[in-house]
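Structure, as structure tokens:
Just so it is clear, none of the values below were taken in a lab; they were calculated from the coordinates. Source: prediction; values computed, not measured. No Cβ is skipped: glycine too gets one built from the backbone with ideal geometry, and neighbour counts run over all protein chains shown.
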Amino acid sequence: MSNVVVLGSGIVGLYTAWCLIHYANISPTKINVIAEFLPGDTSIKFTSPWAGGNFSCISPNDPDTLAYDKFTYTHLKDIKQALGQECGLDMRPSTEFWDVYPGDEKINSLKSYLKDFKVVPKSKLPEGVAYGITFTTWNFYCPFFISKLRAHLEKLGVQFKRQKLTHISQAYIPHTLAVFNCTGIGAVSLSGVKDTNVYPTRGQVLVVKAPHIQENKMRWGADFATYIIPRPNSGGQLILGGFLQKDNWTTDTFEEESKDIIERTTKLLPKILDKPIEVLGVAAGLRPSRYGNARIEAEIIEDRLLIHNYGAGGYGYQAGFGMSHKAVELFIQNKKLSSKL
Ligand SMILES: Cc1cc2nc3c(=O)[nH]c(=O)nc-3n(C[C@H](O)[C@H](O)[C@H](O)COP(=O)(O)OP(=O)(O)OC[C@H]3O[C@@H](n4cnc5c(N)ncnc54)[C@H](O)[C@@H]3O)c2cc1C
């Protein structure tokens, strides 16, 4: 019993493979990543390529998620160091505005670790904004970053296999010590899991070329989210968003939503229009949201160890490293039991 299987090759599965190597001392050659979609693919059933993506204040205020965010923010430098300078992960300045104060739990937590954290004086807040902060954050060029992370893991010896499973039990290849379930939105339909608490939160984004914008700017409204996110090492790509549409499985993109995004983002950061911008693409993605937030849980099913690590909603990049660290801690606690089964 020496193989470990990671089911899912999105950002959460990749962070899990990383954590198995670095925190559980598992040999990379014993790690098998199985997934229907791999970095480099695009599908509406594969959320990770569509993320904005940055570290923002989108995640909920419960103590677990705040801890996952903090772990990720403070440990991403290790991944950057391993992947090299041009890996689609870098730091950029950020400003976040809320129409409703986000709560002391969130602000006190962020203030304890965010680089260059400052509260925006009331006199400098735009109309309708109740609270604002500035800080230095992590930015991802998501499709590029996950491809780099996969290539790094593969070079260490991690094996990647393309396979669609219909039941979680199919993940138990011979001599499997444990399976990590990192299936994202796939957790809704995979037999043996079929988590009815998981639902999509649809987003639509525009990818534009605007190398003159190298800062993040976000505004969280009661029923909308407006965000501007530069992609590092992308030749000047900028993500403009967006929407947080709960329970919307629509995979299409809509012209009126794109117009609305352009209107809101250029109002929030008028200097986007200082130079001509080129629209490179429009995309929709389904965030794997979950009632009760992410599921990081160990189960023994029919004498087999299964560790769930999914439900990252709109924060898989910014909290997923912490989620995966927790999932790997559960593995360490349970593996002795598993190897005796
Ligand atoms: C528009 C948008 C903007 C976003 N912006 C940000 C952001 O700025 N910052 C941030 O942190 N997050 C952001 N997110 C959220 C982030 O993208 C997700 O939280 C994250 O990608 C989820 O990763 P995951 O690995 O759990 O799922 P996925 O990336 O969907 O990966 C799931 C994996 O499981 C595999 N799988 C599923 N079912 C099966 C099966 N039955 N058999 C085999 N394989 C299976 C899939 O093929 C895939 O490999 C955004 C999302 C969207 C849509």
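Do you know the relative contact order of the range 169-322, to the nearest whole percent, from alpha carbon pairs under 8 angstrom that are 6+ apart?
After rounding, I find 31 percent.
Relative contact order, percent, of the range 3-340 when contacts are C-alpha pairs under 8 Å separated by at least 6 residues? Write out the running numbers ahead of the final one.
Details: 748 pairs, mean separation 86.4, N = 338.
Relative contact order, the range 3-340: 26 percent.
Hey, which lysines would be in cross-link range of residue 335, C-alpha to C-alpha under 20 Å, not counting anything within fewer than 8 residues on its own chain?
Once the sequence-local lysines are set aside, what remains near residue 335 is 30, 326.
Under a Cβ-Cβ cut-off of 14 Å, what is the net charge of the residues other than residue 37 that fall near it, where Lys and Arg count +1 and Asp and Glu count -1?
Result for the local shell: +3.
Percent relative contact order of the range 1-109, based on C-alpha pairs within less than 8 angstrom and at least six residues apart?
Contact order relative to length: 22 percent.
In this model, which of 209/275; 148/217; 80/155 are farther than 20 Å apart at the alpha-carbon?
Distance filter (> 20 Å) returns 148/217.
Compute the helix-to-body angle for 255-268: its Cα long axis versus the longest principal axis of the chain, expressed 0 to 90° and rounded to tens.
Orientation of helix 255-268: about 60 degrees from the principal axis.
Give the lysines reachable from residue 194 as a straight Cα distance under 20 Å; neighbours fewer than 8 places away on the same chain don't count.
45, 164, 246
Would you give the gap between the C-alpha center of the range 148-215 and the C-alpha center of the range 43-107, rounded to a whole Å?
One Cα centre to the other: 18 Å.
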